Structures are given as C-alpha cells and as structure tokens.
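Only the coordinates and a few stated rules stand behind these numbers; no lab work does. Since the structure is predicted, the reported quantities are computational estimates derived from the model, not experimental observations. Neighbour counts run over all protein chains shown; Cβ positions are idealised from the backbone, glycine included.
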Amino acid sequence: MNLNLTKPIVFFDLEATGLTIGLDRIVEICMLKVSVDNSTEIRTWKINPEMPIPEKVSKLHGIYDKDIVGCPTMKDIGPQIMQFIGNADLAGYNSNKFDVPMLVEELLRAELDFDLKNRKLVDVQNIFHVMEPRNLTAAYKFYCGKPLENAHTAEADTTATFEIFKAQLERYENTELVDDKGVAYKPVVNNIAKLSEISPMKNKFVDLAGRLTYNEKGQEVFNFGKHKDKPVVEIFEKEPSYYNWMMNGDFPLYTKRILTQIRLGMLKK
C-alpha cells in the first residue's frame, strides 16, 4: 500500500548510551525517508557520543566504544541529518517518548535549531496500542475466546485473570524462544517460581515504586534524580542529608522503609 503523503515523512530509530534525555547521547541513528511519490531513501550514521558507552547498554545494541572511534560527533554530522530530514514529518516506534526528544536534545546541544512546530509526529507504537489493546478485557477475549462480563468489578476481574493464566499455560506450554546467546528455552512452564522470572520487578527494583534498583554488582542504587545509578550507601556516606531529605519528602512509605533498613545496616557496620 502506498502512503498518502502531501510532504515527505522520515521513519527513524536511534541507539544511545542510555535512556535519560538530556544526559545520554546518540551513538547510531537510521532514517528512512519516504517522498511524496513513495520512493524511499535510507541513511545510517554512527556517532561519537563523546562519552563512554556503558557495557550493559552495549550488550543490548551491540555498539561498543571501539566501534565509534573516529566517528563524527553530533556537531559534525548534525547538519547532514537536518538536511536529510528537510521539512519532513517524523515517525518511529515509541518515538514520541524517546527518539524524537532525544534527537531534538542532541541537535540543540550541537547548536542546531530543529523546529517541530510544522511537523506531524506519528508513533507506530501508539497505533498498535490503540488497535490491539493490552488490557484485561482484550486479554480475556484473546485467550478465552469470549467477552468479559461485568468488567471492572473485583470478582469478575479476578476470575478472568485466573482463567487467562490457565489459558496461557495451555497455549504456551511447549513454545520455545531463543535467548540472546542463541539458546532455546521454554519461558512458560507450569511452575510458579519459573513464571515469576517473566515478571522480574522483584529482581530489578528494591522498592515497589522503582525509586531504587539493583546494579550489576547487586548494590542498591538510586533510580532517579541527581544521584541516579549511584549506590545508596555511597551517597548516604558522602551526603547524609540526602537520607533526611527523602524521609521528609513525598516518597512512598515502603521506599522509606527500605531506605531506613539500608541506613540501619550502615550504622551496624
């Protein structure tokens, strides 16, 4: 199907040193430009972010520090990117939340004025979510093959969740996936301990609100603010007032409880 266009549109995706807009930097960007006549042109640039790429991030997108040695910086390559985009609208997957803000931030940092005022932004993920809802009612119809009666009542929703769970076990019992190392495995088995690993919040977050996470060394680290990714113990030792600030702040009680446990553990040592 040809796109009905009155101006070009650029589909793009980028890889970066991380997910924090304003702090992280782009290391690779690919753009596919569709002209009004539906002809296409694709360009890919590797970019020197002028900062180290964390190893855990490199393992995800496959771009390491050695791969961007000698590559142009955003200030070098930015004019080419802007020229390629021209007056085009922009599109991507989850692009409104990440790719577009990251690109604009990087171009502004390179002293290039990139204006969004006259551009339409199309996020393919949003279309997916609108047309294929991922709520309980949609899941019940997909897995159980019938409409959910009395949705949003506690009993109906609880019963439906149980029925969906059993249907998932039957549907995916012998389904194999392949991990990043090429090893086949079956993620869905009739074993609660194994199934809990599919929802790894407990393993990732220290508290329920996600304000604290574990790093690769198993240390509790902050997941927000000026001390993001820094060990809690390290910050409390260097800046004891930060503990008091959090305890007096509008943070969940469970988060404060965890912080207190960490603080007491430090005092015992």
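Tabulated values for the structure
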{"item": "Only Lys, Arg (+1) and Asp, Glu (-1) charged, at Cβ; the range 9-128 dipole about Cα centre in debye", "result": "120"}
{"item": "Cβ-based exposure ranking for M82, M1, in which fewest neighbours within 10 Å come first", "result": "M1, M82"}
{"item": "Simple Cβ-charge dipole of the chain, Lys/Arg +1 and Asp/Glu -1, about Cα centre, in debye nearest 20", "result": "720"}
{"item": "Spacing of the two label points (7 Å from each Cα toward its C-beta) at Y254 and C30, in nm", "result": "3.9"}
{"item": "Pairwise label distance in nanometres, N96 with L116, each label 7 Å out on the Cα-Cβ vector", "result": "1.0"}
{"item": "Mean-position separation - Cα centroids, the range 156-227 and the range 23-55, in angstrom", "result": "31"}
{"item": "Beta bridge orientation in the chain: antiparallel %, DSSP, nearest 5", "result": "75"}
{"item": "For the range 136-196, with +1 on Lys and Arg beta carbons and -1 on Asp and Glu, the positive-most of A154, V188, Y143 along the dipole", "result": "V188"}
{"item": "Percent of alpha-carbon pairs separated by more than 19 Å within the range 9-128", "result": "45"}
{"item": "5 angstrom amide H check on K230, placed H, neighbours 5+ away", "result": "F222"}
{"item": "Dipole axis of the range 201-243 (+1 Lys, Arg; -1 Asp, Glu on Cβ), positive-most option in G210, P240, F222", "result": "G210"}
{"item": "Of the DSSP H helices in the chain, those whose Cα atoms cover at least 20 Å axially and whose Kyte score averages -1.0 or more", "result": "154-172, 253-268"}
